[in-house]
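Colleague: There's a structure below that I have some questions on.
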Amino acid sequence: MARRFVSVNNAPLRTAVVGYGYWGPNLVRNVMERPELEFAGLCDRDAGRAAAFSARYHGQPVFSDLDDVLADDAIDALVVATPPRTHHAIVRAALEAGKHVLVEKPLATTSEDAIDLLETAARHDRTLMPGHTFVYSPPVNKIKELISAGTLGEVYFVTSSRMNLGKYQADGVICDLAPHDLSILLYWLDEPVVEVAATGRSVFQAGVPETAFITLTFASGANANIQVSWLAPRKVREMTIVGSSRMVQYDDTAADEAVRVFDRGMEFAPPKTFGEYQLTYRSGDMVVPRLEAAEPLSLELADFARAIRTGAEPRSNAQLGLEIVLAMEAAEESLRRNGEPIAVENVPLRVAA
Ligand SMILES: NC(=O)c1ccc[n+]([C@@H]2O[C@H](COP(=O)([O-])OP(=O)(O)OC[C@H]3O[C@@H](n4cnc5c(N)ncnc54)[C@H](O)[C@@H]3O)[C@@H](O)[C@H]2O)c1
């Protein structure tokens, strides 16, 4: 449902970026490059990070206090790239100050906080968008097309490995990496997760897993297994999608041939007479689809601008963000209970204002 009229004023939306740590610089560059947006300043409370920004972009406005950004009526929107545990307070304050917000993944660290943000955005009629960049990625969208067109048939299961020797973070590896896998899976399968089980390892600090193995069950019965780790020898970003008609291998680190579609499978005919089942293997061609060359972060920001202008939901929408937080929360709960399966609550279709 569109909430706003299309703006008659097509001036670029004045957008500030909050957080200039590891990821913020990518957002700053993309905000500066998008014609729908006008960069309105950087806010980082760390003087060293603010200085690093100024050294690169002379003369651009810098704020050390978020309140000054929120009080500036000339700023329409905020792009937030601060650590996950800070998202709720920053995003809530920004929405209440009348700003549209794109916040890096995950939307929040608890479902209670995520629901509160959806409600706050609805109350203030502002666009709230979590930054699930992968739903804008060309290989992910190619596979989405194949699933939607029925090319893969019924999706039986998906496996996903996201590992490297990565940056250690206090929120744990599930909060850091699993939102990527969850966003891709929810986008592809377009159905809710009903149950989550997870095990993992916290080698250095109790309660901060560096590695987790998460198993998801979707409403149709499709399964997915995600392995995420910061403690692995090389960078792996691989997914396998097994369907009744085709199978797909997706390697996000591949320079070319990131998506490969295999006409492979197994057909099983139930026994007509006692004990005589028929099993045939199919091993046909492998096809490498052509992929668009586009930067996902740039497409994400274009969608943010479109959502603000029209009131339409962005592809990476707050409801998707909430579903991801619910699955993440269930995974963390299961991890604490040694892998016990946790039912995921039904997400209300639309959170009331
Ligand atoms: N989409 C992706 O692929 C991707 C990749 C990496 C990180 N991220 C996300 O980006 C976000 C930031 O991650 P990071 O690794 O850059 O973190 P980081 O710790 O490197 O940087 C965070 C920055 O935010 C600043 N900050 C914290 N609180 C602030 C406040 N109240 N006001 C102003 N500045 C504040 C810090 O000083 C720091 O410079 C996280 O949500 C993370 O999940 C996304």
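Colleague: Leu165 fails exactly one of the following numbered conditions: (1) more than 11 Å from the ligand (Cβ to nearest atom); (2) free of Cβ contacts under 8 Å to residues at least 60 places away in the same chain. What is the number of that condition?
Modeller: Result: Leu165 fails condition (2) only.
Colleague: What number goes with the only condition from (1) in contact with a Lys or Arg (Cβ under 7 Å, 6 or more places away or on another chain); (2) over 20 Å from Arg260 (Cβ atoms) that Leu182 does not pass?
Modeller: Condition (1) is where Leu182 drops out.
Colleague: For region 233-349, which fully contained strands (runs of 3 or more DSSP E) count at least 1 residues that are within 27 Å of Ala197 (Cβ to Cβ)?
Modeller: Ranges flagged: 247-251, 259-269.
Colleague: Considering every residue within region 21-30, establish whether at least one is under 24 Å from Leu177 (Cα atoms), touching a helix residue (DSSP H, G or I) at 6+ places or on another chain (Cβ under 8 Å), of a type outside the set (Lys, Arg) and part of a loop (DSSP other than H, G, I, E, B).
Modeller: Within region 21-30, one or more residues are under 24 Å from Leu177 (Cα atoms), touching a helix residue (DSSP H, G or I) at 6+ places or on another chain (Cβ under 8 Å), of a type outside the set (Lys, Arg) and part of a loop (DSSP other than H, G, I, E, B).
Colleague: Select from region 145-188 the residues that are surrounded by fewer than 17 Cβ atoms within 10 Å (Cβ to Cβ) and within 21 Å of Ser316 (Cβ to Cβ) and write down the one among them that is modelled with the lowest pLDDT.
Modeller: Asp171
Colleague: Could you tell me which residue of region 287-343 is surrounded by the most Cβ atoms within 10 Å (Cβ to Cβ), considering only residues that are β-branched (Val, Ile, Thr) and assigned by TED's automatic domain parsing to the domain that holds Ala197? Don't jump to the end; show me each part of the working.
Modeller: The first filter runs over region 287-343 and keeps only residues β-branched (Val, Ile, Thr), leaving 287-288, 308, 310, 324-325, 342.
After this cut, where a residue has to be assigned by TED's automatic domain parsing to the domain that holds Ala197 as well, the list is 287-288.
On the way: Val287: 13, Val288: 11.
Only one residue tops the list, namely Val287.
Colleague: Output the number of residues of region 76-98 satisfying the condition of being within 14 Å of the ligand (Cβ to nearest atom) and either in contact (Cβ under 8 Å) with a residue 60 or more places away in the chain or buried (at least 22 other Cβ atoms within 10 Å of the Cβ) (or both).
Modeller: Residues meeting the conditions: 12.
Colleague: Among the residues in region 127-139, are any more than 11 Å from the ligand (Cβ to nearest atom) and either over 17 Å from Leu299 (Cα atoms) or small (Gly, Ala, Ser) (or both)?
Modeller: Within region 127-139, not a single residue is more than 11 Å from the ligand (Cβ to nearest atom) and either over 17 Å from Leu299 (Cα atoms) or small (Gly, Ala, Ser) (or both).
The values are calculated or read from the model by the stated rules, or taken from the named source; none is laboratory data. Note that the structure is predicted; figures quoted are calculated from it, not measured. FYI the Cβ positions are ideal-geometry reconstructions off the backbone, even for glycines, and counts take in every protein chain you see.
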